[in-house]
Amino acid sequence: MLAISPQDVDSHARWAEQEGFTFPLLADPDATVISRYGVAAPMIGVRRSLFLIDRAGVLRWRFSGTARAIFKRPARLTRILEGLDR
(Lines give C-alpha, C1' and ligand atoms only; values in the text may rest on other atoms or scores of the structure.)
Protein backbone atom coordinates (compact mmCIF):
# COMPACT_ATOMS: atom_id res chain seq x y z
CA MET A 1 0.00 0.00 0.00
CA LEU A 2 1.19 3.46 -0.92
CA ALA A 3 -0.36 6.87 -0.44
CA ILE A 4 0.46 9.95 -2.49
CA SER A 5 -0.57 13.59 -2.29
CA PRO A 6 0.69 16.99 -3.39
CA GLN A 7 1.95 17.95 0.07
CA ASP A 8 5.69 17.86 0.74
CA VAL A 9 7.60 15.04 2.44
CA ASP A 10 7.88 16.90 5.79
CA SER A 11 4.10 17.37 5.88
CA HIS A 12 3.64 13.64 5.23
CA ALA A 13 6.04 12.66 8.00
CA ARG A 14 4.17 14.77 10.57
CA TRP A 15 0.78 13.48 9.41
CA ALA A 16 1.87 9.81 9.35
CA GLU A 17 3.27 10.11 12.86
CA GLN A 18 0.11 11.81 14.11
CA GLU A 19 -2.17 9.19 12.52
CA GLY A 20 0.05 6.17 13.18
CA PHE A 21 0.44 5.21 9.52
CA THR A 22 3.24 2.78 8.78
CA PHE A 23 2.93 2.57 4.99
CA PRO A 24 4.83 4.88 2.60
CA LEU A 25 3.40 8.33 1.94
CA LEU A 26 4.73 9.71 -1.33
CA ALA A 27 4.90 13.40 -2.24
CA ASP A 28 3.75 14.73 -5.63
CA PRO A 29 4.21 18.50 -5.18
CA ASP A 30 4.33 19.18 -8.94
CA ALA A 31 1.14 17.05 -9.48
CA THR A 32 2.74 14.82 -12.12
CA VAL A 33 1.15 11.61 -10.81
CA ILE A 34 -2.10 13.39 -9.98
CA SER A 35 -2.36 14.51 -13.62
CA ARG A 36 -1.39 11.14 -15.09
CA TYR A 37 -4.03 9.34 -13.03
CA GLY A 38 -6.67 11.90 -14.00
CA VAL A 39 -7.58 12.97 -10.45
CA ALA A 40 -6.75 16.68 -10.62
CA ALA A 41 -9.67 18.84 -9.51
CA PRO A 42 -10.27 22.56 -9.86
CA MET A 43 -10.01 24.58 -6.66
CA ILE A 44 -9.21 21.60 -4.37
CA GLY A 45 -6.23 20.37 -6.40
CA VAL A 46 -6.92 16.65 -6.24
CA ARG A 47 -9.82 14.25 -5.76
CA ARG A 48 -9.28 11.61 -3.09
CA SER A 49 -8.88 8.43 -5.04
CA LEU A 50 -8.10 4.79 -4.57
CA PHE A 51 -6.55 2.57 -7.21
CA LEU A 52 -6.13 -1.19 -6.90
CA ILE A 53 -3.34 -2.35 -9.18
CA ASP A 54 -2.38 -6.01 -9.43
CA ARG A 55 1.14 -7.43 -9.36
CA ALA A 56 1.34 -7.23 -13.16
CA GLY A 57 0.62 -3.48 -13.03
CA VAL A 58 -2.95 -3.81 -14.34
CA LEU A 59 -5.48 -1.37 -12.90
CA ARG A 60 -8.26 -3.54 -11.45
CA TRP A 61 -10.46 -1.00 -9.68
CA ARG A 62 -10.69 2.76 -9.22
CA PHE A 63 -12.64 5.12 -6.99
CA SER A 64 -12.44 8.93 -7.00
CA GLY A 65 -14.33 11.20 -4.64
CA THR A 66 -14.32 14.70 -3.26
CA ALA A 67 -11.55 16.19 -1.15
CA ARG A 68 -13.28 15.12 2.06
CA ALA A 69 -14.33 11.68 0.81
CA ILE A 70 -14.18 8.93 3.37
CA PHE A 71 -13.82 5.44 1.98
CA LYS A 72 -16.48 3.24 3.60
CA ARG A 73 -16.13 0.18 1.40
CA PRO A 74 -13.87 -2.24 3.32
CA ALA A 75 -15.95 -5.32 2.49
CA ARG A 76 -15.90 -4.50 -1.21
CA LEU A 77 -12.18 -3.73 -1.16
CA THR A 78 -11.52 -7.04 0.58
CA ARG A 79 -13.38 -8.92 -2.16
CA ILE A 80 -11.50 -7.04 -4.88
CA LEU A 81 -8.14 -7.65 -3.22
CA GLU A 82 -8.90 -11.35 -2.78
CA GLY A 83 -9.69 -11.53 -6.50
CA LEU A 84 -6.33 -9.99 -7.42
CA ASP A 85 -4.48 -12.97 -5.97
CA ARG A 86 -6.14 -15.35 -8.41
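The values are calculated or read from the model by the stated rules, or taken from the named source; none is laboratory data. Here the structure is a predicted model, which means the values were calculated and not measured. Using ideal geometry, Cβ is built from the backbone for each residue, glycine included, and neighbour counts are taken over all protein chains shown.
What's the total number of residues in the range 1-37 that are in contact with a helix residue (DSSP H, G or I) (Cβ under 9 Å, 6 or more places away or on another chain), loosely packed, with under 11 Cβ neighbours inside 10 Å and among the β-branched types (V, I, T)?
1
Just one of the numbered conditions (1) at pLDDT below 80; (2) in a helix (DSSP H, G or I); (3) not hydrophobic (A, V, I, L, M, F, W, C) is not true of T22; which one?
The single condition T22 does not satisfy is (2).
Taking the stated definitions as given, is I34 assigned to a strand (DSSP E or B), in contact with a strand residue (DSSP E or B) (Cβ under 7 Å, 6 or more places away or on another chain) and without any contact (Cβ under 8 Å) to a residue 60 or more places away in the chain?
no
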